Amino acid sequence: MDPSEIKKRNASLSKYLNSLSDAGIKELNDKEYEEAENDFKKLKEALAKGSCSFCGNPISHFSIKKPCFHWLLKPNGFKKKHFPLLYNKYSFRRLESYLRWVANTDVPIKNINDLVAEKTSSKKIELTIKYKDLEWSFSCAEADYFGHKDRKEGKIPHYHFQMKKGDLVIINYGAFHIPFHDYDFFSFAAENGEISKMRFEHIHGAGMQEFIDNFSAEEIAEKMEKADNEEDAQFHTSTLVMAKPGTTISGEDLANLIEEQKRTKESMATLVRKLSNVDATSIISPGPGVPDLAKRTKRNRGSKKMDTTIDS
């Protein structure tokens, strides 16, 4: 669709939403939430049974005549050459949302790295999603979003996609310049606040960014529990404890906190604040269980960003 037509459509939708009462808006929101709740439940139950809630076939089923979301779960027969059949049928936003939902049926939030702090500054879209041994990544630079006018490929607005199974790359970033659909531009406008009374958000597809946007550092610390396996941890915390002037830290107090953590699994960032004679600073950052963003260009790997600090 022509950009001017998209703007006209968005303006028309804004006009319609502005004409609705608060009760009317609430009714639309409630209906949308209920439908999403039911759809997510169906998807989760179907995956647990090894089937697809969209086409009804086993997730192992592959037919070139029936492109379906579950192709991205790598049924036998699906290859890179088949991917255009999928992205021509489904928009970026629908493919992304499906994969977000799949990831959250396994472990909520942790498997979706959409952290702004880790995103390359020149990218409009950059995220990595993981489910079991599968990993999918989306990437769209500013130049991709507007199209490469001076190149043979990628002249129209597009994004790039990578899919891995274990260490095997099934689809690499450079394989396709994937065109956005009309619905994508509509969702981008809603996400950017260009449509009155409408906000785009992932209800059941929330990732790390939405989690930290909606919870303070203190709330995150309160909700955390010590992981049984640190390699699977969603967050990593480092806590610096200093005795207040004129006091000392009792080794017995610290030992008691360690024992309490073993018993309750509360985070040390929370427990240490029970000591009245200390000043504590805790830094919360993404843990090793959060997938690394799969960059389109090779970069030196550093520590994860998005540090959140709690001072007492």
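For the reader, a short list of remarks on this structure follows.
- Filter result (in contact with a helix residue (DSSP H, G or I) (Cβ under 9 Å, 6 or more places away or on another chain), closer than 11 Å to I284 by Cβ and of a type outside the set (V, I, T)) within segment 212-233: F215, A217, E218, A221, M224
- Single residue of L85, L72, L99 found to be over 20 Å from I125 (Cα atoms), not aromatic (F, W, Y) and either not in a loop (DSSP other than H, G, I, E, B) or not assigned by TED's automatic domain parsing to the domain that holds S60 (or both): L85
- Residue list for segment 61-109, filter: modelled with pLDDT of 95 or more and under 13 Å from K130 (Cβ atoms): L72, L73, L99, R100, V102, A103, N104, T105
- Residue in segment 156-198 that is nearest to Y87 (Cα to Cα), counting only those that are under 22 Å from the mean Cα position of the chain (by Cα) and of a type in the set (S, T, N, Q): Q162
- Pair list, Cβ under 6 Å, 6 or more apart: segment 219-247 residue at negative phi, other residue of a type in the set (D, E, K, R) and in a loop (DSSP other than H, G, I, E, B): E225/K265; K226/K265; Q234/K110
- Considering (1) at pLDDT below 80; (2) exposed (fewer than 13 other Cβ atoms within 10 Å of the Cβ); (3) of a type in the set (S, T, N, Q), the lone condition that T247 does not fulfil carries the number (1).
- Among the candidates L271, L254, the residue that is at pLDDT below 85, touching a Leu at 6+ places or on another chain (Cβ under 6 Å) and over 30 Å from V102 (Cα atoms) is uniquely L271.
- Checking G193 against (1) in a helix (DSSP H, G or I); (2) surrounded by fewer than 20 Cβ atoms within 10 Å (Cβ to Cβ), the condition it does not meet: (1)
The values are calculated or read from the model by the stated rules, or taken from the named source; none is laboratory data. The structure displayed is predicted, hence computed values, not measured ones. Cβ: placed from backbone, ideal geometry, glycine included. Neighbour counts: every protein chain shown.
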